[in-house]
Structure formats: structure tokens, C-alpha cells
Amino acid sequence: MVILCIGEHLCKILSSQNSELDDCPSGSFLSGHEIKYLTVVLRQVIFMTMTDQLTEKLGVLLADSVYETLGVSYSRAGYPVEFFNKLTAAGEDYYDSVSEIPEGKRMSLASEELAIQMGLGKAGQDPRKAAAFDDLFARNEPEIYMWQWTATGLRVPKGRCPAKYEKDGLGRKYWVRELLEGDKVVGEILVPEGHGRVVVEWDEVSGLPKTTAETGFPHKHYTTHFGFNPTPLMDSRSGHYDVAVGRVGGWLFGVDEGCLAVDARCGRLEGGSHDGFRLVKGPASDVEKKSVKKPDGTQKTVYL
């Protein structure tokens, strides 16, 4: 673990010099290209070390979700996966982080993060206090509040105004978005309001909230909040209006032990020094999509 921490610190120090690569004087201890190469090598060593410590096993359960107004349902068969409790401190954007993961390993999906969280809850444990989420609350070295990438993303469908939303019979707002797993479009889902609202219902296939609500404090029956940016900038890499689905921890309104949050506000190119991800081993099962009959007589108004 000490080796991991030292390696992560070195990676951060070296990565911080990447913006100055073109200005390195000829007499520098390391040239710009040498710094960049050493950063990549160190991170690969860290990944290999972490691979040997993949001791946590998770059985992701069968999951189903239905979006009647979209006329579609999704299901994912259960599957086993190994994961590392400690996040990898990458300090890079989504694309650069993914590009450096060694073959046979991958970044976790939002649905797998939710499976970890729900498994803890079913076992009577508070997920906010669990070791799997320690990095989100600065409880691991180097004691920083990490922002966690997942391989899940949301995309504005082609031709759709990003700001356009729908209302259900209770007046709750939803945005139609394409669900991404890596670069693959899995299907379309409805994304509820963010603004730090609490999650009261989950879509276990996507790992995203299905329903959110305003609530007062304290709210001991709810552990997770949701943030969502419906009008993101275009991702110059994908050519679409995408946001990443990440995870973070914090003390909203000074609430007791803090809360988890699913954060879908940032683009995949918006990397920061405190960014990281969870390394997992084993393939995820595919999401199966089926058509369902849309309800008759449903009143749904579209607004801008």
C-alpha cells in the first residue's frame, strides 16, 4: 500500500508538468518526453500492483428496468466481477484514464458501483461508511476527496434540443438521454432532475437514479444525491453532447456523516487532479433491449 501511495504521488507530480512540456530547458533533469514516458510507466506499475490485490468479489444481480413512455425495457443478466476497494488516482480525463488501463482490466460501470452500494445496504451496512467508498470521503491516503469516473455516460440524442424535458403526471421533470457504456450506445432512458435532490428509486441496469425528490435534513433513509447537467458542451472527441456519470462524496448542508452522490454534470474531457476510477476484472453482461407497449392516454407535455 505504501508503494501504491508513493507511485500515485509521483504520477501526480510528473503529470503536473505535462502542461509545461514544450518549455522544458535543455539542461533539465528530465526532458518533457522523458517525464511523459515515466508517468505512463509508473502508472502501469501501479495498475499491475493493484491487479494482484483484486480481492473483493461481487455478484452483480439480474436487473430490469422499464420506460413505458419510451416504449422500451432493459435487462442485464447477473455476473461475477472482482474489484479493488481503493480507487486509482489518475488525475486525468476519462479518455486518458481508460487508455492506460492494462489489457484484461477495465473501469467500473455506474451499475457496478450501485451493485456494491446496494449489496452493502442489504447487508445492513451504511454504504457511506464502507471501505469501498473511502476515497470519496478522503479516508485513504493521500486524504483527498476523489471524483470517480465510471465507464457510463449520457448523451443528448441526435437532433434533440438538450434543454427539452418532459413532465410526468406528478409534475416531475425528465430528460431523454442515450445511455453510454464506454463508447457504446446501449439505448435511451429518462434521466430525472438533479440539483442535489435525493435518489428515491434506482435503475439498476444503468446505475442511474430513476426518481429523485426534494427532501429536508436530516434524511437518514436516503444516502445518495444526484447532480445532472442537461445542457453540456460538445465533446470534441466524440462529436456529441456527452456527460460522464461519476461518483463523489460530500457534506451537503453539513449533514452528519456525509452523503454519496451520482454526478452527471461534467464532460468526459474535464479531467482534474483529484480524479480517479475503480479498477475491475471480468466482463459485464450485455444489456438486452425489448419493446413494450406505450400506455394509452398518457398525458405528457414537452417543455423548453
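The values are calculated or read from the model by the stated rules, or taken from the named source; none is laboratory data. This is a predicted model, so every value here is computed, not measured. Backbone-built Cβ (ideal geometry, glycine too); neighbour counts: all protein chains shown.
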**Prompt:** Would you pick out the residues in the stretch 193-236 that are touching a Lys or Arg at 6+ places or on another chain (Cβ under 8 Å) and part of a strand (DSSP E or B)?
**Reply:** Glu201, Trp202, Asp203, Thr211, Thr212, Ala213, His225, Phe226, Gly227, Phe228, Asp235
**Complete:** Matching residues in the stretch 66-105 (buried (at least 20 other Cβ atoms within 10 Å of the Cβ) and under 30 Å from Val292 (Cα atoms)) number 2
**Message:** Just checking, does the stretch 127-143 include any residue being in contact with a strand residue (DSSP E or B) (Cβ under 6 Å, 6 or more places away or on another chain), on the phi < 0 side of the Ramachandran plot and either modelled with pLDDT of 95 or more or of a type outside the set (D, E, K, R) (or both)?
**Reply:** yes
**Request:** With the condition kept exactly as written, say whether any residue in the stretch 173-191 is of a type in the set (Ser, Thr, Tyr) and farther than 20 Å from Gly71 by Cα.
**Result:** no
**Residues (farther than 22 Å from Trp149 by Cα and either under 16 Å from the mean Cα position of the chain (by Cα) or outside the structural domain of Pro230 (by TED's automatic domain parsing) (or both)) located in the stretch 168-190** = none
**Asked** Among the residues of the stretch 144-163, is any touching a residue at least 24 places away in the same chain (Cβ under 8 Å), among the aromatic types (Phe, Trp, Tyr), closer than 27 Å to Ser75 by Cα and in contact with a helix residue (DSSP H, G or I) (Cβ under 9 Å, 6 or more places away or on another chain)?
**Response** yes
**Request:** Looking only at the stretch 291-302, decide whether some residue is modelled with pLDDT of 90 or more, surrounded by fewer than 11 Cβ atoms within 10 Å (Cβ to Cβ) and part of a strand (DSSP E or B).
**Result:** yes
**Fill in**
Note: among Ala163, Ala213, Ala151, just one is in contact with a Leu (Cβ under 8 Å, 6 or more places away or on another chain) and closer than 28 Å to Gly119 by Cβ, namely Ala151
**Message:** Give me the residue from the stretch 144-165 that is surrounded by fewer than 19 Cβ atoms within 10 Å (Cβ to Cβ) and either among the polar types (S, T, N, Q) or at pLDDT below 95 (or both) and, out of that set, farthest from the chain's Cα centre (by Cα).
**Reply:** Ile144
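For residues in the stretch 237-260 being small (Gly, Ala, Ser), outside any loop (DSSP other than H, G, I, E, B) and at pLDDT below 95, which is nearest to the chain's Cα centre (by Cα)?
This residue is Gly249.
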**Request:** Could you please find all residues in the stretch 124-137 being of a type in the set (A, V, I, L, M, F, W, C) and without any contact (Cβ under 8 Å) to a residue 24 or more places away in the chain?
**Result:** Ala130
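Go through the stretch 223-252 and give me each residue that's within 14 Å of Asp183 (Cα to Cα), of a type in the set (Ser, Thr, Tyr) and touching an Asp or Glu at 6+ places or on another chain (Cβ under 9 Å). Break it down into steps so the answer makes sense when it comes.
Step one: list which residues in the stretch 223-252 are within 14 Å of Asp183 (Cα to Cα), which gives 235-245.
From what is left, the residues that are of a type in the set (Ser, Thr, Tyr) are 236, 238, 241.
Matches in the stretch 223-252: Ser238, Tyr241.
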